[in-house]
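J.: Let me give you the structure first, and then I'll get to my questions.
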Amino acid sequence: MNYPRFSLSLLDTQIAQIQANQQARLGQAIADSIQQDFHKKLTKTYPRKYPRCNCQCLAIRLLLQQPPQKISEIARELNINNQTLYSHWKQKCFRFLLSQPMKQTSLS
């Protein structure tokens with residue numbers, strides 16, 4: 001019986017391709033969840049008196065937009081204190097995004 005021969009480098013290449021595809025699907029799933037914001041939790045979370053600085057807006061500008069904007073640019077554009085915006089991003093938005101479970105279907 002003849003079995004197909006696989007070199008270790010070919011196997012490594014296939015594994016790397018599978019991992020790259022999984023990472024791309026995960027990245028797309030994260031981007032989709034940020035953009036769609038089904039439960040409106042991202043758009044409802046913003047510093048007092050600054051609804052335009054909501055978490056969805058910040059996530060899009062800081063994580064999805066290419067090239068990403070700097071917090072200082074966003075703060076200047078939206079007329080909010082730089083440190084206020086930075087603290088809001090780190091304490092509310094980024095923590096919220098990290099706490100969200102990803103659906104397993106996005107990886108398969």
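Every number here is computed from the coordinates shown, using simple stated rules; none is lab data. Note that this is a predicted model, so its numbers are computed, not measured. Note that we place each Cβ from the backbone using ideal geometry, even for glycine, and neighbour counts take in every protein chain shown.
J.: Compare Ile74, Ile18, Ile34 in a GNM of the chain, Cα atoms joined below 10 Å, and give the one with the largest fluctuation.
T.: Maximum among the listed residues: Ile18.
J.: Mind checking the angle between helix 8-36 and the chain's longest principal axis? C-alpha axes, 0 to 90 degrees, to the nearest 10.
T.: 30 degrees
J.: Here's a follow-up. In debye to the nearest 20, how big a dipole does the range 8-106 give about its Cα centre with +1 on each Lys and Arg Cβ and -1 on each Asp and Glu Cβ? The partial results should precede the final answer.
T.: Details: 14 positive and 5 negative charges, 129 e Å.
That gives a dipole near 620 debye.
J.: Have a look at Ala31, Ala16, Ala59 and tell me which one the Gaussian network model of the chain (Cα, springs below 10 Å) gives the largest fluctuation.
T.: Ala16
J.: Any chance you could count the Lys pairs in the chain whose alpha carbons are under 23 Å apart, treating pairs 8 or more apart or on different chains as valid?
T.: Count of close lysine pairs: 19.
J.: Along each of its three principal axes, how wide is the spread of alpha-carbon positions in the range 8-106, in whole angstrom units, largest first?
T.: Principal-axis extents of the range 8-106 (Cα, largest first): 57, 27, 19 Å.
J.: Mind checking which of Leu63, Leu42, Leu11 has the largest fluctuation in a GNM of the chain, springs on alpha carbons under 10 Å?
T.: Evaluated over the chain, the most mobile residue of the options is Leu11.
J.: Give the residue list of chymotrypsin sites (Phe, Trp or Tyr not before Pro) in the range 1-91 that are DSSP loop and have at most 14 other beta-carbon atoms within 10 angstrom. Mind showing how you got there, number by number?
T.: Values: sites: Phe6, Phe38, Tyr86, Trp89; in loops: Phe6, Phe38.
Here the sparse-neighbourhood loop sites are Phe6, Phe38.
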